[in-house]
Amino acid sequence: MGKVAARMKVMPQSPEIDLDALQERLEDALPEGAKISRTDREDVAFGLVALFPTVIIPDDAGGTDAVEDAFADVDGVESVDVDEVGRI
């Protein structure tokens, strides 16, 4: 069975958000079978830093929708987008 690597773009609601705590909440929110292999951070603007977690998802998990929905419900998250998707 294959897996998909999805690089997500997670925008925090404000520059005051603790990114380490936010990263932990994202990991806790992951659907069954998905895991974060790495998380990059990029400055966006005005002190805002976006998180770019790369999530490994089993093929049978139904794509990135479940992860997007789970991340969108996390406290402190403004928006979630799929940045890149590829098979591994």
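The values are calculated or read from the model by the stated rules, or taken from the named source; none is laboratory data. Quantities reported herein were computed from a predicted structural model and do not represent experimental measurements. Heads up, the Cβs are rebuilt from the backbone with ideal geometry, glycines too, and the neighbour counts pull from every protein chain shown.
Could you say whether any residue in the range 36-45 is assigned to a helix (DSSP H, G or I), more than 10 Å from the chain's Cα centre (by Cα) and at pLDDT 95 or above? No, the range 36-45 contains no residue that is assigned to a helix (DSSP H, G or I), more than 10 Å from the chain's Cα centre (by Cα) and at pLDDT 95 or above. Under 7 Å between Cβ atoms, which residue pairs at least 6 apart in sequence (or on different chains) link something in the range 69-84 that is free of Cβ contacts under 8 Å to residues at least 40 places away in the same chain with a partner that is surrounded by 14 or more Cβ atoms within 10 Å (Cβ to Cβ) and not charged (D, E, K, R)? As it stands, the answer is 72/80, since those pairs meet every condition given. Of all residues in the range 1-28, those being in contact with a helix residue (DSSP H, G or I) (Cβ under 7 Å, 6 or more places away or on another chain) and under 14 Å from residue 76 (Cα atoms) number 3.
Can you give me the number of residues within the range 49-65 that are more than 11 Å from residue 6 (Cβ to Cβ), surrounded by 12 or more Cβ atoms within 10 Å (Cβ to Cβ) and either small (Gly, Ala, Ser) or modelled with pLDDT of 95 or more (or both)? Count: 3. The requirement of being more than 16 Å from residue 3 (Cα to Cα), at pLDDT below 95 and in a strand (DSSP E or B) is not satisfied by residue 80. Candidates are the residues of the range 66-78 that are in contact with a helix residue (DSSP H, G or I) (Cβ under 8 Å, 6 or more places away or on another chain) and loosely packed, with under 13 Cβ neighbours inside 10 Å; the one that is farthest from residue 16 (Cα to Cα) is 73.
A single entry from 5, 66, 50, 45 fulfils the requirement of being aliphatic (A, V, I, L, M) and free of Cβ contacts under 8 Å to residues at least 24 places away in the same chain: 45.
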